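Down below is the structure, laid out as structure tokens.
The values are calculated or read from the model by the stated rules, or taken from the named source; none is laboratory data. In this text the structure is predicted, and so the values were computed from the model without any measurement. Using ideal geometry, Cβ is built from the backbone for each residue, glycine included, and neighbour counts are taken over all protein chains shown. Accessible surface areas use protein heavy atoms only, side chains included; no ligands, DNA or RNA. Shrake-Rupley method; radii C 1.70, N 1.55, O 1.52, S 1.80 Å.
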Amino acid sequence: DRIRLYNPSLAIEMLPGDTAWNYEAIFKPKTPKLGSSKRRWIAFADVDVFNGQVAIRRPFVKADAIVDTIRSAFEDIGGRVHVMRFDQVNGDFDRVIWESPIEKGRLFSVSKLTGRGFIWKDPVSITHLQGRVTTSDSVVGMDFDRVEFGSSRAALQGRVIQTEGNNLLDLVIGGNRLTFKDLLWLYPQLPESGNATATLRIQSQQPKGVLFHASNARIVAPGTRMSGKFGVVMGDTL
């Protein structure tokens with residue numbers, strides 16, 4: 001019911017040729033004894049992290065080709081690997097459920113988290129993140145009602161379905177206040193002056209492609225004013 005972690009280092013990875021994430025191999029469930037429950041009760045409350053570091057590595061997938069020419073960060077570890085790094089992580093988790101006899105999956109409830117992330121090549125500084133992450137089998141659900149970076153603020157809901165050779169996305173980002181200088185890590189061609197508000201949906205399409213759909217959008221940039229809604233599907237062609 002009370003855990004403090006100082007300078008922790010965490011690596012979550014599925015390297016080329018692997019069929020499971022490393023934590024799935026480390027925490028492989030044991031065969032239950034006759035008459036016992038298959039799942040145990042493992043939960044934590046009031047977990048604080050001070051100056052943590054996290055690295056997430058996964059094999060290159062087809063969807064990465066869309067952003068490969070922008071600012072992607074890759075390593076070559078027996079094959080092409082996309083790497084996301086986070087450092088200076090300070091967080092307060094009010095509840096973590098790692099295993100439950102009631103239902104499958106895991107829960108990470110974040111009351112506050114700050115840090116610096118290298119999702120692509122250039123860093124983004126998170127000044128406040130609040131919400132929860134759930135995992136069940138190959139589905140990762142996210143519900144963050146408050147994400148602040150720089151002078152920008154947004155909310156994020158949705159899920160990522162991990163499949164072999166691809167990840168299926170269905171995410172909704174509510175940009176209450178987005179300034180372009182806070183988004184240069186994602187798309188450096190943006191002008192440094194400018195701002196936008198919009199609801200952005202990112203959704204994988206079948207059989208392939210990714211939909212980017214903005215609604216209730218208001219975009220202000222040097223010499224430019226736009227409002228309305230628009231969408232594009234990016235795949236082999238635009």
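What number goes with the only condition from (1) free of Cβ contacts under 8 Å to residues at least 12 places away in the same chain; (2) in a strand (DSSP E or B); (3) among the polar types (S, T, N, Q) that Q206 does not pass?
(2)
Could you please let me know if V110 is of a type in the set (V, I, T), closer than 22 Å to Y23 by Cβ and at pLDDT 95 or above?
yes
Would you mind finding the one in V89, V110, V83, V96 that is of a type in the set (A, V, I, L, M), closer than 17 Å to R57 by Cα and open to solvent by less than 40 Å² (accessible area, probe 1.4 Å)?
Of the residues listed, the single one that is of a type in the set (A, V, I, L, M), closer than 17 Å to R57 by Cα and open to solvent by less than 40 Å² (accessible area, probe 1.4 Å) is V83.
Looking at the range 152-176 only, could you name the residues that are open to solvent by less than 50 Å² (accessible area, probe 1.4 Å) and within 17 Å of G117 (Cβ to Cβ)?
Those that are open to solvent by less than 50 Å² (accessible area, probe 1.4 Å) and within 17 Å of G117 (Cβ to Cβ): S152, A154, L156, V160, L171.
Criterion first (without any contact (Cβ under 8 Å) to a residue 60 or more places away in the chain, under 30 Å from F93 (Cβ atoms) and in a strand (DSSP E or B)) does L211 satisfy it?
no
Taking the range 204-213 on its own, how many of its residues are open to solvent by less than 50 Å² (accessible area, probe 1.4 Å) and of a type outside the set (S, T, Y)? Give the steps one after another, and end with the answer.
First pass over the range 204-213, keeping only residues open to solvent by less than 50 Å² (accessible area, probe 1.4 Å): 204, 209-211.
Still in the list and also of a type outside the set (S, T, Y): 209-211.
Counting residues in the range 204-213 that are open to solvent by less than 50 Å² (accessible area, probe 1.4 Å) and of a type outside the set (S, T, Y) gives 3.
Quick check: is even one residue across the range 184-197 in contact (Cβ under 8 Å) with a residue 24 or more places away in the chain, hydroxyl-bearing (S, T, Y) and surrounded by 14 or more Cβ atoms within 10 Å (Cβ to Cβ)?
Scanning the range 184-197, I find no residue that is in contact (Cβ under 8 Å) with a residue 24 or more places away in the chain, hydroxyl-bearing (S, T, Y) and surrounded by 14 or more Cβ atoms within 10 Å (Cβ to Cβ), so the answer is no.
Counting only residues that are in a strand (DSSP E or B) and on the phi > 0 side of the Ramachandran plot, which one in the range 214-238 is surrounded by the most Cβ atoms within 10 Å (Cβ to Cβ)?
N216
Within the bounds of the range 113-121, is there any residue that is surrounded by 16 or more Cβ atoms within 10 Å (Cβ to Cβ), outside any strand (DSSP E or B) and among the aromatic types (F, W, Y)?
yes
Name the pairs whose Cβ atoms lie under 6 Å apart, with the first residue in the range 112-140 and over 30 Å from P101 (Cα atoms), the second of a type in the set (D, E) and surrounded by fewer than 16 Cβ atoms within 10 Å (Cβ to Cβ), and 6 or more positions between them or separate chains?
Qualifying pairs under 6 Å: R116/D87.
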